[in-house]
Structures are given as structure tokens and as C-alpha cells.
Amino acid sequence: MSTPADIQAKIDEIETEMARTQKNKATNYHLGTLKAKIAKLKSELLNGPGGKSSGSKDAGRGFDVSKSGDTRVGLVGFPSVGKSTLLTTLTGTASEAAAYEFTTLTCIPGTMNYRGARIQVLDLPGIIEGAADGKGRGRQVISTARTCNMILIVLDSAKPVTHKKLIESELFNFGIRINQKPPNVKYTVGQAGGVSYQEVCLQTKGMNPEVAKMVLKEYRVTCCEVILREDITVDQFIDIIEGNRTYMPILYVMNKIDQLTIEELDILDSLDNYVPISSQHKWNIEELMEEVWNRCEMLRVYTKPKGASPDYEEPVILHAHQPTIEQFCNRLHRNLIDSFAYAWVWGKSAKHQPQRCGKEHVLEDEDIVQIVKKAGGA
């Protein structure tokens, strides 16, 4: 059985060969083969032979935090960037903070309330380069991050670019695809019939039937149906076959801006997808919370019991894109949809006030819903 050192040596060897190979149409097939080999080896390195976890005895210790609230947000970053102070600022939860590295050695949860939503915030231990390979309890940190609806990458404003690239690399190596949506590809493994490959889009990023079959062969998939509905790369196709990728919104939080000059702040403004803050002085925290709300695609729906006023104190928080009344019912009670007859809806999604709607009706932020049950329903 190959040791982790042997597997890493094979990965390094293949990466060296890829670096020597010129990228053009003639080498697409060869490069695709090499990429598939690397993906398989990295999966074996992370999860052990056969894809099963090979973690140590204390794998997950201190990180088994039950989900609570409407949304879960993880704070990820290098040691001493101010995650613990930010957790305290956002939630009031005391998390030990000090001017030395690795103050936080476990996962500290807290809850903040915003626009009626209860948002669970996890302060994760600082990660280091090589976290995806298990250094510094990195696998536990990133595994917990994968359970979140969103990750805030907290960076020291004095050195954001270097840390940003390193953290992105560690998250990528652990199967987290930041600020991406799952590719619009149908992939179904069958028992017979060979490989069926179709493209219903114009491909320009390197995919073609030959490359797809080569990658599938590397994964020993001989019978499947593949339908590409959008232009994707070979790497994205490999992600689909691996089947264990997490697609998650990421926001960069540039902390400690109180230590920067005006000129340095101007440089930060050239970056995308970030919010500058000072967790210690509570600067710009409102903008950060607004961004979390928007990136998690949260919206509020108010309940209205028959003959009573709407309950504006405890809205039902929905996340799904174009959430329906059926999803609203499922958030209230898993069996409610069984006795559902129709609903009265007031708000932006209603054509008139109120509108009688079925379970497929798509809701919008701050709609008011009154559920009417079938005759005889409990």
C-alpha cells in the first residue's frame, strides 16, 4: 500500500510533467489524463484508499458543533488575524484573543441576530500552509468549514494578497469551490450501454468526447450518460465525477484597517469581493452583516394566523433561489404540506393583495403568508 509520501511524490512528478507540457489543442487529451490522475491521487491522499476517511484518533474532536439558527457562517484565516475578536464583536460570545498565534485551539460557536435571522458564527482555529494535508489540525478546520452556508476569510489588511492565495489553495485542495455554482451537467452512472456523451452548448474550454472518455476511463467508469448544458473545463468535469465538491460563497474580510494609511486603504479598494473592517473598533460591521445576508441569499417570510396580525417578530428565513410556498411549509413543519390546501399571500410576489396561491408560488422578501389547510386537516 502506498504511503502518503509515495502518493505526494507521484503528484509532484505528474505536476512537473504538466509544467513541461505545452498547452494547445493537440495536448488537451494528455493534459486531461494528467489532471485526472492528480485528482485521484489527491483524493486518496486526503481520504485514504477507496475514498474512506483515514483521520487520526482525535479527528473531529472539538469540532462537533451542532447546527443552530437559520444560517451557519465560518471564520477562516491564518493565526492572529482577529477572528476571535470578530466573533465577540458579532455575537458577544467570549472567544480568547491574544497577540500570539494559535490562541483558538478548537471551534468556538456564537449566534448573531440580524433582520430577524439567527446566524450561527463559528470561530475556527487558524490554518497554516498545508492545512489540507493535515497540518495544524487543518483537515478538521476545513471539514467544519464545509458544513457552513458561507465562509468569511479573515485577512490581516497589512498582508492580504499572500494569505489570500494560500487560503484559497488550501480550500481548493480540500474540495471547496469558492464563489462558484455547480456546473450545469447531467452525469448519471449506469450498468450497461457504454458512455453516452452529448453537448448542448458551444465548448471552448477544452472538453470534447475524447477528453471526457479519457477522464472516465481513468476513473474506471465504463457506462454513464453525460450531457453538458454549459461550457466547462476539464477540471470542472473531474469535480463532477469526484462528486464530493462543495460550492460555497466566500467573502474576504480585511481586518485591522485601523492600522493602515490612507494610501494603503486606496490599494485595498482595487480588490474585489471584500469588506474592510476593524473588529476591535467595530468599524464597518454593519456592511459586513449586510454582505453576509446578501451572499447567503436569505429572505424573510412572515406568518399570519387566521384572524390575527402577521408575526413580524419571528420571520421564517428561507435560502433557496426562488423559494416556494412548499419550502416555506417545510420550514414550519415537515408534515404541514400534507394538509396544505392553498395559501393567501400579501407582498411583492402577489399580483393583488392578497392573492390565493398554490404550493409552487415563488415568494419574495417580506411576503406575508397565511396557510389554509384541507377540510379536516389537523
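Points to keep in mind about this one:
- Any chance Asp365 is closer than 30 Å to Asn179 by Cβ and outside the structural domain of Tyr114 (by TED's automatic domain parsing): yes
- Being outside any loop (DSSP other than H, G, I, E, B), outside the structural domain of Gly92 (by TED's automatic domain parsing) and closer than 23 Å to Tyr114 by Cα is a description that applies to Gln327.
- For Asn179: the one exception among (1) surrounded by fewer than 17 Cβ atoms within 10 Å (Cβ to Cβ); (2) at negative phi; (3) within 17 Å of the chain's Cα centre (by Cα): (2)
- Just one of the numbered conditions (1) surrounded by 16 or more Cβ atoms within 10 Å (Cβ to Cβ); (2) touching a Lys or Arg at 6+ places or on another chain (Cβ under 6 Å) is not true of Lys256: (2).
- Of the residues Gln353, Gln322, Gln280, Gln327, the single one that is buried (at least 16 other Cβ atoms within 10 Å of the Cβ), farther than 30 Å from Ile257 by Cα and out of contact with any Pro (no Cβ under 8 Å at 6 or more places or on another chain) is Gln327.
- Residue within the range 130-144 that is at pLDDT 90 or above, assigned to a loop (DSSP other than H, G, I, E, B) and not assigned by TED's automatic domain parsing to the domain that holds Glu44 present: no
- Test: residue in the range 179-199 that is out of contact with any helix residue (DSSP H, G or I) (no Cβ under 8 Å at 6 or more places or on another chain) and aliphatic (A, V, I, L, M): yes
- Condition met for Tyr197 (among the hydroxyl-bearing types (Ser, Thr, Tyr), over 27 Å from the mean Cα position of the chain (by Cα) and either assigned by TED's automatic domain parsing to the domain that holds Arg139 or at negative phi (or both)): yes
- The listed residue being more than 28 Å from the chain's Cα centre (by Cα), over 30 Å from Thr111 (Cβ atoms) and at pLDDT 75 or above, out of Ile7, Ile14, Ile38: Ile14
- Residues of the range 172-194 satisfying the condition of being in contact (Cβ under 8 Å) with a residue 60 or more places away in the chain and part of a helix (DSSP H, G or I): Asn173
- Scanning the range 342-354 turns up no residue that is under 30 Å from Gly74 (Cα atoms) and modelled with pLDDT of 95 or more.
- The number of residues in the range 195-230 that are polar (S, T, N, Q) and outside any strand (DSSP E or B) comes to 4.
- Cβ-Cβ under 8 Å pairs, at least 6 apart or on other chains, the range 253-273 side closer than 14 Å to Leu155 by Cα, far side among the basic types (Lys, Arg) and surrounded by fewer than 16 Cβ atoms within 10 Å (Cβ to Cβ): none
- Residue pairs whose Cβ atoms lie under 6 Å apart, separated by 6 or more positions or on different chains, with the first residue in the range 281-308 and in contact (Cβ under 8 Å) with a residue 12 or more places away in the chain and the second assigned to a helix (DSSP H, G or I), are His281/Asp258; Lys282/Thr89; Val301/Phe328.
The values are calculated or read from the model by the stated rules, or taken from the named source; none is laboratory data. Note that the structure is predicted; figures quoted are calculated from it, not measured. Here the Cβ is made from the backbone with ideal geometry for all residues, glycine too, and neighbour counts use every protein chain on show.
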